[in-house]
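*Asks:* Below is a structure I'd like to ask you about.
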2 protein chains.
Amino acid sequence: MIRKKIVKDLIKIVGKVDVLTEKEDLVAYSYDGTTSWVHEPDVVVFPTSAREISKILKLADKERIAVTPRGAGTNVSGGSIPIQGGIVLCSTKMNKILGIDKENLTATVEPGVVLMDLNTALAKEGLFFPPDPQSFLGATMGGIIAENAGGPACVKYGVTKQYVLGLEVVLPRGDIIDVGSQTMKNVVGYDLTMLFTGSEGTLGIISKAILAVKPLPQATKTIVAAFDDVAVAGESVHHILSSGVIPSKIELLDNWVINSIERLQPIGLPKDAEALLLFEVDGVPEAVEKDAERIEGLCKRHGAKEIRIAKDKAEADRYWLARRAGFAALFSAGPTIMAEDVTVPRNKIPDLIRRVREICEPRGIEYTVIGHAGDGNLHPSLVTDKKNKEHFKKAQEAMDMIIESAVALGGVVSGEHGIGLEKKRFLMKTVPPMALEIMKGIKRLVDPNNILNPGKIWEE
Amino acid sequence: MIRKKIVKDLIKIVGKVDVLTEKEDLVAYSYDGTTSWVHEPDVVVFPTSAREISKILKLADKERIAVTPRGAGTNVSGGSIPIQGGIVLCSTKMNKILGIDKENLTATVEPGVVLMDLNTALAKEGLFFPPDPQSFLGATMGGIIAENAGGPACVKYGVTKQYVLGLEVVLPRGDIIDVGSQTMKNVVGYDLTMLFTGSEGTLGIISKAILAVKPLPQATKTIVAAFDDVAVAGESVHHILSSGVIPSKIELLDNWVINSIERLQPIGLPKDAEALLLFEVDGVPEAVEKDAERIEGLCKRHGAKEIRIAKDKAEADRYWLARRAGFAALFSAGPTIMAEDVTVPRNKIPDLIRRVREICEPRGIEYTVIGHAGDGNLHPSLVTDKKNKEHFKKAQEAMDMIIESAVALGGVVSGEHGIGLEKKRFLMKTVPPMALEIMKGIKRLVDPNNILNPGKIWEE
């Protein structure tokens with residue numbers, strides 16, 4: 001438990017209104033987008049500048065108090081849970097877009113800017129930030145960078161790290177440093193920008209970011225293809241990609257999700273289909289038409305039983321809303337949802353889907369497979385109940401087997417959600433010991449007193 | 001000077017034929033693509049596997065012998081010069097393409113594979129590796145990754161690091177580790193793949209790389225636009241990019257280069273133009289036509305005096321060969337050439353070009369500005385003579401001023417060539433001290449005896 005003196009010192013730094021210590025506030029900051037972890041902080045602070053962050057960290061370092069950085073708390077690996085109590089440092093009041101530079105195709109933001117707000121502002125200039133985690137309505141840029149977030153659009157546009165040009169970072173002992181630059185090319189010593197990106201808030205607190213952005217595509221087109229076999233759907237994905245067509249999104253929905261959507265919000269999806277692929281292509285209008293035709297042809301040739309090309313934006317929006325609703329439906333399907341984030345080489349998607357089926361069906365575990373088929377990043381998800389210990393244990397064992405299968409197929413244990421608390425033991429299993437030693441050495445170098453987001457990524 | 005015993009040990013590891021100690025061999029490995037630095041190694045070794053590299057490094061670490069990794073030696077910042085003697089570890093015999101996976105759009109290579117050979121093999125599968133350093137005829141993938149190389153195509157496709165998915169690295173003490181994976185998405189602890197990429201051979205020796213590749217575009221089109229004012233040409237670049245057209249290449253040639261080309265190999269470039277912009281657009285045929293028309297329109301509107309769209313591949317090839325010949329011409333223009341590699345935000349290109357002119361003209365220094373206008377990466381180059389001390393000093397002072405101008409414009413001191421030996425003092429000036437401390441700390445952590453490419457990147 002934090003001492004009163006520390007709370008007073010924090011108030012001196014950020015002002016009374018930006019320090020929370022009431023029980024109901026602490027509860028509100030005790031969880032994130034995961035369903036398995038909860039832990040209250042002792043205090044929540046809302047700095048409004050890098051200098052304030054610096055002062056908070058200096059204090060915490062001196063007093064050896066854990067500091068957990070947090071934006072909107074949409075994290076789905078437990079990364080923003082203050083598992084050791086201490087201070088939650090919340091960036092939501094640092095939410096200014098500092099500049100949009102249309103000539104250089106860059107945007108400079110504070111960490112608390114919500115991705116949706118950034119894209120709304122960028123759209124006015126004909127620009128957008130391509131990575132699109134499905135939490136974009138709430139997720140903040142600091143967290144998106146710290147987790148190296150992905151999303152559906154990564155098949156064409158790549159992940160967040162490919163858009164991080166420069167960062168202002170407050171180090172655990174309070175130093176404020178700039179790494180990277182405003183330029184696309186930069187080979188000036190080790191790439192510290194990439195070191196902080198994806199470090200899950202354990203190496204420094206991002207207080208400003210310079211991001212690359214892209215011109216909005218002139219046209220988009222959405223295509224839905226229904227399949228009788230989810231594995232055949234998976235195979236179609238790599239037939240399309242290796243044909244040279246790179247859609248901006250390729251999402252996979254299985255029969256469970258299709259029917260959830262049709263129950264919640266019927267839009268006429270084929271309920272008997274075992275899988276749907278939802279494609280978006282973007283670019284200049286002429287290319288988009290051709291790409292849509294090519295996808296239609298390839299899906300037909302590779303076993304699709306029904307294909308629709310959305311006639312207009314309204315129809316396309318319905319499909320994409322359904323895709324998001326599908327994930328929402330999942331979280332209302334039972335008291336506890338285990339949503340995985342494994343990534344396999346794209347051509348192993350059918351194998352992984354078969355394995356999930358083989359693991360879950362004989363065990364009587366309700367499951368669904370939804371995900372970003374274009375880049376092999378799937379979210380096999382199991383419906384269970386933490387309070388039903390026997391079922392929960394069975395589900396955990398099944399999930400472990402799924403993760404091990406993904407790794408055996410040449411995959412990784414996290415594609416876009418990060419390790420946080422949820423995947424530490426899998427990281428320990430899959431990262432070579434010497435690589436882990438380097439990671440730990442870097443952590444010790446930058447954060448010798450281990451105050452910043454302690455207890456995350458690896459077992460101590 | 002290395003002891004005979006060490007040479008014997010090296011012969012035991014790689015075999016007699018793969019250890020060179022004759023004077024004429026050592027001279028051949030004493031320089032790279034720079035013109036200012038020369039230093040002989042004591043011995044050159046050619047390992048053929050990660051295990052051999054591991055044994056060499058264990059020996060060198062134990063005996064505290066400097067090891068300089070080297071591929072084809074096309075480096076242009078002195079990075080592959082064995083400035084402290086010792087061992088040159090040359091990867092050119094590890095030149096196998098281990099696999100091309102068309103379904104996953106990846107290629108796995110040994111470090112000694114030449115980029116040109118990789119692209120020839122990829123083309124047979126309808127694929128390509130987008131970053132295109134102008135040394136692609138000789139440069140090897142290990143060096144391309146270690147320097148995070150760029151090239152003209154980065155304006156659309158990004159730099160090398162965006163294509164490095166996974167690496168096998170031999171650490172300075174001989175451990176062989178795998179970092180990254182075959183998947184596009186991977187958030188499993190700190191991004192060590194990005195740490196080794198661009199580390200200029202100071203943290204480990206890349207013994208294998210998994211690279212992302214792309215489908216070859218179906219069509220390309222080349223456009224040449226001539227301008228009366230080099231600064232106006234620079235302005236056209238960001239007008240085009242902010243219009244939403246992203247060419248695959250935008251190269252800038254100034255009057256000096258145009259006339260050099262026309263002298264060496266006349267192809268009818270307008271000799272009175274103060275600058276040429278050379279564009280390539282790629283994609284599906286329909287989009288390429290439209291993009292070429294848009295570029296033509298925008299260049300006209302923004303002051304181009306002449307525009308040509310290449311009628312066929314032969315004409316396009318002539319322009320691109322001329323672009324490369326221009327750089328070759330530069331290196332035959334005088335006994336010593338200082339070729340810079342600064343990068344500024346794209347919209348600062350006209351300012352930088354004006355500054356180069358203001359600095360060089362009153363000092364009577366022959367100069368040219370050539371470079372990748374699309375990403376702000378320019379190579380202002382000065383013609384001088386190391387033996388003419390007075391002129392050389394004047395040229396050095398001018399170059400320092402140019403670099404300082406680039407930094408003052410929000411740029412960086414190296415865009416794609418790296419720091420190596422050439423830019424150490426500029427790195428020391430522009431990287432924040434605390435960031436440099438982190439870099440040095442990482443180096444100490446991974447290479448405690450400082451055996452791997454010592455003397456590079458920063459002043460000890």
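The values are calculated or read from the model by the stated rules, or taken from the named source; none is laboratory data. Computed from a predicted model, the values in this text were never measured in an experiment. Neighbour counts run over all protein chains shown; Cβ positions are idealised from the backbone, glycine included. Surface areas here come from the heavy atoms of the whole protein model, side chains and all, with no ligands, DNA or RNA. Shrake-Rupley method; radii C 1.70, N 1.55, O 1.52, S 1.80 Å.
*Asks:* List the number of the failed condition for residue A:187; all other conditions in (1) open to solvent by less than 10 Å² (accessible area, probe 1.4 Å); (2) within 30 Å of residue A:349 (Cα to Cα) hold.
*Replies:* Of everything listed in (1) open to solvent by less than 10 Å² (accessible area, probe 1.4 Å); (2) within 30 Å of residue A:349 (Cα to Cα), residue A:187 misses just condition (2).
*Asks:* Being under 21 Å from residue B:372 (Cβ atoms), within 14 Å of another protein chain (Cβ to nearest Cβ), open to solvent by 30 Å² or more (accessible area, probe 1.4 Å) and in a helix (DSSP H, G or I) is the filter here; which residues of segment B:269-323 pass it?
*Replies:* B:294
*Asks:* Next up: Limited to segment A:404-421, what total is found for residues that are open to solvent by less than 20 Å² (accessible area, probe 1.4 Å) and more than 7 Å from chain B (Cβ to nearest Cβ)?
*Replies:* Result for segment A:404-421: 4.
*Asks:* I want to confirm something. Restricting to segment A:231-249 and keeping residues that are open to solvent by 10 Å² or more (accessible area, probe 1.4 Å) and out of contact with any Asp or Glu (no Cβ under 8 Å at 6 or more places or on another chain), which single residue is nearest to the other protein chains (Cβ to nearest Cβ)?
*Replies:* A:244
*Asks:* When you scan segment A:191-213, how many residues do you find that are hydroxyl-bearing (Ser, Thr, Tyr), away from every other protein chain (no Cβ under 12 Å) and out of contact with any Asp or Glu (no Cβ under 6 Å at 6 or more places or on another chain)?
*Replies:* So the count comes out to 0.
*Asks:* Please indicate, with yes or no, whether at least one residue in segment B:42-51 is of a type in the set (Phe, Trp, Tyr) and modelled with pLDDT of 95 or more.
*Replies:* For segment B:42-51, residues of a type in the set (Phe, Trp, Tyr) and modelled with pLDDT of 95 or more: present.
*Asks:* Within segment A:422-453, restricting attention to residues that are surrounded by 21 or more Cβ atoms within 10 Å (Cβ to Cβ) and part of a loop (DSSP other than H, G, I, E, B), which residue is nearest to the other protein chains (Cβ to nearest Cβ)?
*Replies:* Among them, the one singled out is A:431.
*Asks:* Sticking with this one: Looking at (1) more than 14 Å from every other protein chain (Cβ to nearest Cβ); (2) in a loop (DSSP other than H, G, I, E, B), can you tell me which one residue A:76 breaks?
*Replies:* (1)
Residues are listed down the side, and each one gets a yes or a no for (1) in contact (Cβ under 8 Å) with a residue 60 or more places away in the chain; (2) open to solvent by 30 Å² or more (accessible area, probe 1.4 Å):
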residue: A:6; (1), (2): no, no
residue: A:9; (1), (2): no, no
residue: A:13; (1), (2): no, yes
residue: A:22; (1), (2): no, yes
residue: A:29; (1), (2): yes, yes
residue: A:32; (1), (2): no, no
residue: A:47; (1), (2): no, no
residue: A:52; (1), (2): no, yes
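*Asks:* Then there is this: Taking the residues in segment A:360-374 that are closer than 15 Å to residue A:405 by Cβ and in contact (Cβ under 8 Å) with a residue 24 or more places away in the chain as candidates, determine which candidate is most open to solvent (accessible area, probe 1.4 Å).
*Replies:* A:363
*Asks:* In the list B:338, B:401, which residue meets the criterion of being crowded, with 19+ Cβ neighbours inside 10 Å, away from every other protein chain (no Cβ under 14 Å) and within 23 Å of the chain's Cα centre (by Cα)?
*Replies:* None of the others qualify; the one that does is B:338.
*Asks:* Look through segment B:7-25, keep the residues that are assigned to a loop (DSSP other than H, G, I, E, B) and not β-branched (Val, Ile, Thr), and return whichever of them is nearest to residue B:44 (Cα to Cα).
*Replies:* B:22
*Asks:* Out of curiosity, is residue A:267 farther than 17 Å from residue A:153 by Cβ and in the same structural domain as residue A:378 (by TED's automatic domain parsing)?
*Replies:* no
*Asks:* Another one. Restricting to segment B:188-229, give me the number of residues that are β-branched (Val, Ile, Thr), closer than 23 Å to residue A:157 by Cβ and assigned to a loop (DSSP other than H, G, I, E, B).
*Replies:* Qualifying residue count, segment B:188-229: 3.
*Asks:* Right, another one. Looking only at segment A:84-123, how many residues end up being under 22 Å from residue A:280 (Cβ atoms) and within 14 Å of chain B (Cβ to nearest Cβ)?
*Replies:* 3
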